[in-house]
1. Which members of the range 155-169 meet the condition of being within 16 Å of ligand 2 (Cβ to nearest atom) and over 17 Å from the mean Cα position of the chain (by Cα)?
2. Hey, among 31, 19, which residue is modelled with pLDDT of 95 or more, of a type in the set (Val, Ile, Thr) and either surrounded by fewer than 19 Cβ atoms within 10 Å (Cβ to Cβ) or farther than 28 Å from residue 140 by Cα (or both)?
3. Could you list all residues from the range 102-133 that are farther than 28 Å from residue 216 by Cα and not in a strand (DSSP E or B)?
4. Applying the selection to the range 62-101, what residues are in a strand (DSSP E or B), crowded, with 17+ Cβ neighbours inside 10 Å and away from ligand 1 (no atom under 13 Å from the Cβ)?
5. Which condition number in (1) surrounded by 24 or more Cβ atoms within 10 Å (Cβ to Cβ); (2) closer than 19 Å to residue 89 by Cα is the one that residue 200 fails?
6. Can you find a residue that is part of a strand (DSSP E or B), within 16 Å of ligand 2 (Cβ to nearest atom), polar (S, T, N, Q) and in contact with a strand residue (DSSP E or B) (Cβ under 6 Å, 6 or more places away or on another chain) anywhere in the range 170-179?
7. Taking the range 37-74, which residues are under 15 Å from residue 225 (Cα atoms) and among the aromatic types (Phe, Trp, Tyr)?
8. Exactly one of these conditions fails for residue 136: (1) more than 16 Å from ligand 2 (Cβ to nearest atom); (2) closer than 24 Å to residue 21 by Cβ; (3) touching an Asp or Glu at 6+ places or on another chain (Cβ under 9 Å). Give me its number.
Amino acid sequence: MRRWYLFFATALALCAVPTFAQLLTDFEGYTLGANGQVMFRTPTFSGSTSGFLETSPNLSQVNNEQALSGTQSLKVSFQFKANQTNPWVSLTTFNTANLPNPIISATLPLSLWVYVPTSTPDFRLTLGVRETNPAGNIGENGGTSGAIEFVGAPTKSGNAPAGKLITTKNQWVQVIFDIPNEPVVGFTGNGVLETTTGKFVLECLAITPANSSVVGPYTLYLDDLAVVPEPATLSILGLGVAGLLLRRRRSG
Ligand SMILES: [Ca+2]
Ligand SMILES: [Ca+2]
């Protein structure tokens with residue numbers, strides 16, 4: 001009887017873990033070639049950073065050149081003008097036609113996958129969250145009112161945040177912003193994460209060149225943005241299951 005219970009509890013725990021991730025988008029089902037239409041605007045859309053950029057390339061485009069899940073991802077491509085001070089790009093979700101201003105959790109990590117071709121120079125990736133106190137579900141439109149904080153960057157130069165350094169080329173890499181435990185620096189905000197609802201809006205991905213004098217072009221692919229369980233929660237759950245099995249063995 002207890003053995004069955006243990007088996008059932010273990011199976012339940014193992015099954016529950018993967019389904020807990022809440023997918024924001026995998027870019028499947030959207031028209032190939034759609035540019036600035038799915039979650040993210042084109043690189044030059046944000047007035048905060050458009051002055052740093054050449055007008056071409058200017059892509060946030062649904063494509064099938066690379067994909068982690070399915071056959072599609074989002075191809076992002078841009079180039080900086082020469083001789084810019086503290087250049088960066090705000091790849092914003094501001095009122096995009098599809099999946100605008102998506103709500104994310106303030107207490108759970110945001111995961112995304114990035115593929116960087118060899119030709120793209122190294123860059124840093126930062127998560128911009130907007131404190132809109134959204135009440136909706138994860139992934140729904142959380143609105144555009146509130147201050148913006150940079151998550152995953154301890155410092156910024158000018159307004160260019162020094163987020164996670166991305167150097168791996170030619171393969172999909174998972175980038176996790178463990179929101180409750182990341183360094184935070186203010187953009188329009190005060191550098192402190194604040195929410196009355198336990199949620200934020202994913203306002204932008206900030207891309208900062210590792211070497212500010214390297215103009216690019218920068219091309220990268222994004223896929224499978226999701227709110228995922230805390231790594232610690234997974235470990236504790238795993239330890240709990242292992243502990244149960246061990247106890248069962250010892251007592252048996
Ligand atoms: Ca995909
Ligand atoms: Ca704040």
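The values are calculated or read from the model by the stated rules, or taken from the named source; none is laboratory data. Everything numeric here is computed off the predicted structure, so don't read it as measured data. All Cβ positions, even for glycine, are placed from backbone atoms using ideal geometry, and neighbour counts span all protein chains on display.
1. So in the range 155-169, the residues within 16 Å of ligand 2 (Cβ to nearest atom) come out as 156, 159, 161.
Residues satisfying the conditions are 156, 159.
2. After ruling out the rest, the residue left standing is 31.
3. Residues satisfying the conditions are 106, 107, 108, 109, 131, 132, 133.
4. We begin by selecting, within the range 62-101, every residue in a strand (DSSP E or B); these are 62-63, 73-80, 89-92, 98.
When the remaining residues are screened for being crowded, with 17+ Cβ neighbours inside 10 Å, the result is 62-63, 73-80, 89-92.
76, 77, 78, 79, 80, 89, 90, 91, 92 - these are the residues of the range 62-101 that are in a strand (DSSP E or B), crowded, with 17+ Cβ neighbours inside 10 Å and away from ligand 1 (no atom under 13 Å from the Cβ).
5. Every listed condition holds for residue 200 apart from (2).
6. No: the range 170-179 contains no residue that is part of a strand (DSSP E or B), within 16 Å of ligand 2 (Cβ to nearest atom), polar (S, T, N, Q) and in contact with a strand residue (DSSP E or B) (Cβ under 6 Å, 6 or more places away or on another chain).
7. Selection gives 40 alone.
8. Unmet for residue 136, out of (1) more than 16 Å from ligand 2 (Cβ to nearest atom); (2) closer than 24 Å to residue 21 by Cβ; (3) touching an Asp or Glu at 6+ places or on another chain (Cβ under 9 Å): (3).
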